[in-house]
Amino acid sequence: MPLSRREFLGASLAVVGTGGILSSALAAEGYGNFTVGVQSYCFREFDLEQALKRTKELGLNWIEFYQKHAPPNSSPEQIAAIKKLCGEYGIKPVAFGVQSFSKNHDANKRMYDFGKALGVRYFSADPDPDSFDSLDKLVEEYGIGIAIHPHGPVGKGLHRWYSAEAIMAAVKDHHPQIGACLDTGHLIRSAQLGKKLDPAEQIRVMGKRNFGMHLKDHDNERKTDVVYGKGVLNVAEVLKALKEVGFKGWISVEYEANPQNPNPDMAACLAVLRQAIKDVG
């Protein structure tokens, strides 16, 4: 008896491993041992189901949610409904963010309760500098890592976590599961304020504390995201650096341009990524 659409999607999810590396069935699709998904912010003009549908259309099985698609104040029933819909589309939440954290341990713990219920393995994060004592405890208790995300230029200055050096200086003496989710687009954007950063070298600075990546390219002259290789991003060099440091986290394809119809450009990005994975070997 043929499978229904929802049964087929559920079966697709079942072949995905739970250890952060794609199963051999999915690796055959061209991403090797990299766990590749999307940051749902790409689909900020759409509701949750449309975001999942567009993720599936790209042939991806992982998602990093942002707040519109998975609100942190969701009730247990609402979280269950989010996870059920993910299962119907064969998509698994891997991370959530970008999320702020403060020294308020109770508030941080509530966010961790949400992350545990959603089933994520990491928060991409923008923590306050005085939050780390709290986060050390929560990372240990929940097994959900913190991956600090740089934002490049903010107004007339650079974001506090604009570089791997800034992040590493803050986390080096903290729990080993507090590290980075480097955003190649924001690293590239830092050149707008005179700070030229090489994404591949930034990966090497973080070493084993690379837990995630927002993979994007950016045109600094036009100040817009572009398809990989149309700006300055060298995808192959980024992949080489990830392999050098033994990266076992997740890669979120992120594309902030053309929010009304991002899929064609995102598909072009994925084609570049697959070819780079093939070239790097």
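With a ≥ b ≥ c the root eigenvalues of the C-alpha gyration tensor of the stretch 109-253, is it rounded (a/c under 1.5), prolate (a/b larger than b/c) or oblate? Write out the running numbers ahead of the final one.
Details: a/c = 1.85, a/b = 1.59, b/c = 1.16.
Here the stretch 109-253 falls in the prolate category.
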Neighbour-count ranking for LEU138, LEU215 (other C-beta within 10 angstrom, fewest to most) reads LEU138, LEU215
Footprinting proxy, MET213, MET111: sorted fewest to most Cβ within 10 Å, the residues are MET111, MET213
Exposure-ranked with fewest Cβ neighbours within 10 Å first, GLU237, GLU64 stand as GLU237, GLU64
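Gain in length, LYS156 to GLU77, computed as 0.36 nm per residue apart minus the alpha-carbon separation, to one decimal in nm?
Working: separation 79, 0.36 × 79 = 28.44 nm, distance 4.27 nm.
Separation in residues times 0.36 nm, less the Cα-Cα distance, equals 24.2 nm.
How big is the Cα convex hull of the stretch 175-221 in projection, averaged over all directions, in nm²?
For the stretch 175-221, averaging the hull's shadow over all directions gives 3.4 nm².
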Answer check: the chain, Cα atoms, Kirkwood Rh, Rg/Rh ratio of 0.95
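Please go through the residue pairs LYS53/LYS116; LYS53/LYS137; LYS83/LYS137; LYS137/LYS195; LYS137/LYS208 and name each one whose alpha carbons sit more than 30 Å apart in this structure. The partial results should precede the final answer.
Details: LYS53/LYS116 24 Å; LYS53/LYS137 37 Å; LYS83/LYS137 27 Å; LYS137/LYS195 34 Å; LYS137/LYS208 20 Å.
Correct reply: LYS53/LYS137; LYS137/LYS195.
Values in this text are rule-based calculations from the coordinates and carry no lab data. Since the model is a prediction, treat every value here as computed from it, not as a measurement. Cβ atoms come from the backbone with ideal geometry, glycine included; neighbour counts cover every protein chain shown.
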